[in-house]
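The values are calculated or read from the model by the stated rules, or taken from the named source; none is laboratory data. All figures in this text were calculated on a predicted structure; none of them were measured in a lab. Cβ atoms come from the backbone with ideal geometry, glycine included; neighbour counts cover every protein chain shown.
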Protein chains: 2
Amino acid sequence: MTDRIAIDDRQIVDRRRKRHDAKRATIVAEAWELARRDGLAAISLRQLADRVDLRQPSLYAYFDSKLALYDAMFADGNRQLLEVIAQIPPGADPRASLVAFLETALRFSTEDVVRHQLLFQRTIPGFEPSAESYALAGEVLAAGRRRLEAVGVTDPEEVDLFTALTSGLAHQQVANDPGGDRWVRQARRAIEMFLADVDRRTRRGRAQR
Amino acid sequence: MTDRIAIDDRQIVDRRRKRHDAKRATIVAEAWELARRDGLAAISLRQLADRVDLRQPSLYAYFDSKLALYDAMFADGNRQLLEVIAQIPPGADPRASLVAFLETALRFSTEDVVRHQLLFQRTIPGFEPSAESYALAGEVLAAGRRRLEAVGVTDPEEVDLFTALTSGLAHQQVANDPGGDRWVRQARRAIEMFLADVDRRTRRGRAQR
DNA sequence: GTCTATACATCGATAGAC
DNA sequence: GTCTATCGATGTATAGAC
């Protein structure tokens, strides 16, 4: 009999938790909406509460502070990116799929400027991702490294150069041609340029041996 | 006699204006200080007023709004960059001086993260540089273009690729290794990579003719 | 969990006296 | 130009009813 009750309790707890998580997700979604409208740093907790049919103090049932909300958004954004990345097939031609990977990443950034700001720029005073959220960002980086490995790039310095190229294209696109493709369309050339440089150096390295 | 008075008036107005401009400059300097300490978006006008021995409302004699203060900082930062750039000699070897140019720009960014944020990232909600301030940013870009011209790069797409490379190195340096040189030391390689790509394509272009 | 009610410190901004 | 006084709004937080 006590077992029966225990099972019921667990089911109730699970259902409650599901409701809680669902509500948390809609709050985060509305926070993105507000951020896109007013700017990332201009999110108001009172306005946010209004949009999810809560009173402002009730938000504290879901987030300990405004920074905790930013952390949830940071995690959410990284999960979105991971999902998008997972859909790019590694493919038979690793160079072509690296181009596709880069173009996808660039489009992801230009699609949502404030998301790009939160994920890739340290712009909110006092905000530092939690360990859990930071781990998601690490997964994104690891996925990129795997793509580079597929074309034979493993040297840390070359990985750094590639990340600089990627973030530079994204940044210029977002800052100077939001919604356009002025830098996105340079993705293919950028990759060719990068890989040609890698080839040139490995060849030279071999010649010296 | 009226002439004499008019001249005196002008002198008084000039002196007043000079005092005003000097005070404005110290306010901007203190604002940078605060931004470095608390973050760019976390500047408080009351704390700023305290630091320059004024009451908070008196700041409005110098700036119409907080955004106007950011605008003055934006202009100031660009003037600083122009000054630094002007000190890099074009030199006999245009490639070497392009490397020096890039390294200087990168050091400028890493030297002061919040300055880099204000100048190159759209991060303050509602802030848009005024026409005058934006013109200074244009001068910086023009200076960069002249350096590229010196090594034979004039194609707008190639200029775009170069700006992406520059901002990417700066961004990665600032975001992931502030104070270090992990990306700064890739400046030379990045330039070689870029120019090799430009060469490769112009040669290919000639061959097709 | 959600509410009402309330508190507090801080913020950017304005009015008006001097 | 500088001040005092004040405004409305914000983030943050808590108490206590339901």
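When A:Leu119 is tested against (1) closer than 24 Å to B:Leu118 by Cα; (2) modelled with pLDDT under 95; (3) more than 10 Å from chain B (Cβ to nearest Cβ), just one condition goes unmet, and that condition is (2). Screening A:Arg147 on (1) more than 11 Å from chain B (Cβ to nearest Cβ); (2) part of a loop (DSSP other than H, G, I, E, B); (3) closer than 20 Å to A:Arg79 by Cα shows it passes everything except condition (2). With respect to B:Ile12, is the statement that it is within 12 Å of DNA strand D (Cβ to nearest atom), crowded, with 18+ Cβ neighbours inside 10 Å and not in a loop (DSSP other than H, G, I, E, B) true? No, not satisfied. Mind checking whether some residue in region B:45-62 is within 16 Å of DNA strand C (Cβ to nearest atom), within 14 Å of chain A (Cβ to nearest Cβ) and not basic (Lys, Arg)? Yes, region B:45-62 has at least one match. Checked against the criterion of being more than 7 Å from every other protein chain (Cβ to nearest Cβ), aliphatic (A, V, I, L, M) and buried (at least 19 other Cβ atoms within 10 Å of the Cβ), the candidates A:Ala164, A:Ala187 yield just one match: A:Ala187. Do we have any residue at all in region B:105-120 that's exposed (fewer than 15 other Cβ atoms within 10 Å of the Cβ) and charged (D, E, K, R)? Yes, region B:105-120 has at least one match. For region A:60-73, filtered to residues that are touching a residue at least 12 places away in the same chain (Cβ under 8 Å) and outside any helix (DSSP H, G or I), the residue that is farthest from DNA strand D (Cβ to nearest atom) is A:Tyr62.
Looking at A:Asp53, A:Asp76, just one residue is away from DNA strand D (no atom under 16 Å from the Cβ) and touching a Phe, Trp or Tyr at 6+ places or on another chain (Cβ under 9 Å), and that residue is A:Asp76. Counting the residues of region A:85-104 that are crowded, with 16+ Cβ neighbours inside 10 Å and either outside any helix (DSSP H, G or I) or among the aliphatic types (A, V, I, L, M) (or both) gives 6.
Could you check region B:18-59 and list, in sequence order, the residues that are assigned to a loop (DSSP other than H, G, I, E, B), under 28 Å from B:Gln121 (Cβ atoms) and more than 18 Å from the chain's Cα centre (by Cα)? Let's see the steps before the verdict.
Step one: filter region B:18-59 for residues assigned to a loop (DSSP other than H, G, I, E, B), giving B:39, B:43-44, B:52-55.
Cutting the leftovers down to under 28 Å from B:Gln121 (Cβ atoms) gives us B:39, B:43-44, B:52.
Hits for region B:18-59 are B:Ile43, B:Ser44, B:Val52.
Within region A:39-50, being within 11 Å of DNA strand D (Cβ to nearest atom) and of a type in the set (A, V, I, L, M) holds for A:Ala41, A:Ala42, A:Ile43, A:Leu45, A:Leu48, A:Ala49. The set of residues in region B:72-84 that are over 19 Å from B:Ser167 (Cα atoms) and buried (at least 22 other Cβ atoms within 10 Å of the Cβ) contains only B:Met73.
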